[in-house]
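Throughout, read-outs are computed from the coordinates displayed, never taken from laboratory work. The structure displayed is predicted, hence computed values, not measured ones. We place every Cβ from the backbone using ideal geometry, glycine too, and count neighbours over all the protein chains shown.
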Amino acid sequence: MPDTFSRDLIGLLPNLRRFAISLCRSSDIADDLVQLTCQKALISRDGFTPGTRMDAWLFRILRNSWIDLVRKRKNEGQPVDIDDAYDLPGQAGAEDADTRLMLAQTLETIHALPDEQREVLLLVCVEELSYKETADILDIPIGTVMSRLARARKHIGEQLGINRDPPRSNKGKG
C-alpha cells in the first residue's frame, strides 16, 4: 500500500503533465519529463518539507529537469510539436469551429510568449500557485513574477483582440 507521500505524488501527476506539456510542447517528452520528476522526487523525498506545498516542490524539480534536458538536447533535432497532431473529435458547426479557432489562437499566442512569461502565466493562472510560490519555484523576486505575468496577459489580450479597458468618452470633461 502506498504511503502518504506516494499518494500525494500520484494525485499531482495530471498537474505535472500539464505543466510539462506547456514547457516542452510534446506529450512524449512531457511524459518522460514527468517520469524523471517522479523519480527524482522519490529519490530525494527527504528534501521535501512536510506542511509545505508538494506541487510547488515538484514543479521546481520538473522545471529544473526540463532545463537540464534542453541543455542535453541542444544538438539533437527539433521535437514534434503537440499542435501538429491536434485532432479533437467534436460536433460540426460554426460555434464549434469558432471555439476551436479561438482555442488554437490562444494556444499559439501562449506558446509564442517568451519562456519566462509563459512559465509564470501557467504557474499562476493554470496551476493556481501564489506569486510567492511561483517566485520560489523560478528563483526570482515576486515583483518579477508580477511584471512577467502582466506582460504576458497584455500580449495575449493584444494578440487576441481582447481589450480590457474600453476607450473612455471625453464627454463631460473640460
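State the three equivalent ellipsoid semi-axes of the stretch 93-161, derived from the C-alpha gyration tensor as the square roots of 5 times its eigenvalues, in descending order and whole Å.
With the √(5λ) rule applied to the stretch 93-161, the semi-axes are 27, 12, 9 Å.
Between Arg100 and Arg60, what's the calculated FRET efficiency when r is the beta-carbon distance and R0 is 30 Å? Round to 0.05.
Approximately 0.35, to the nearest 0.05.
Percent relative contact order of the stretch 93-161, based on C-alpha pairs within less than 8 angstrom and at least six residues apart?
Reported as a whole number, the value is 35 percent.
Relative contact order of the stretch 1-80, please, whole-number percent, based on alpha carbon pairs below 8 angstrom and at least 6 residues apart.
35
Working out 0.36 nm times the residue gap between Asp46 and Arg153, then minus their Cα-Cα distance, what length gain in nm do you get to one decimal? If you can, show how the numbers build up before the last one.
Values: separation 107, 0.36 × 107 = 38.52 nm, distance 3.72 nm.
So the chain would gain 34.8 nm between Asp46 and Arg153.
For the pair Ile67 and Met146, what calculated FRET efficiency results from E = 1/(1 + (r/R0)^6), where r is the Cβ-Cβ distance and R0 = 22 Å, to the nearest 0.05?
With R0 = 22 Å, the Cβ-Cβ based efficiency is 0.45.
Could you check the simple spin-label distance between Gln35 and Leu13, using points 7 Å along Cα→Cβ, in nm with one decimal?
Spacing of the two 7 Å Cα→Cβ label points: 1.2 nm.
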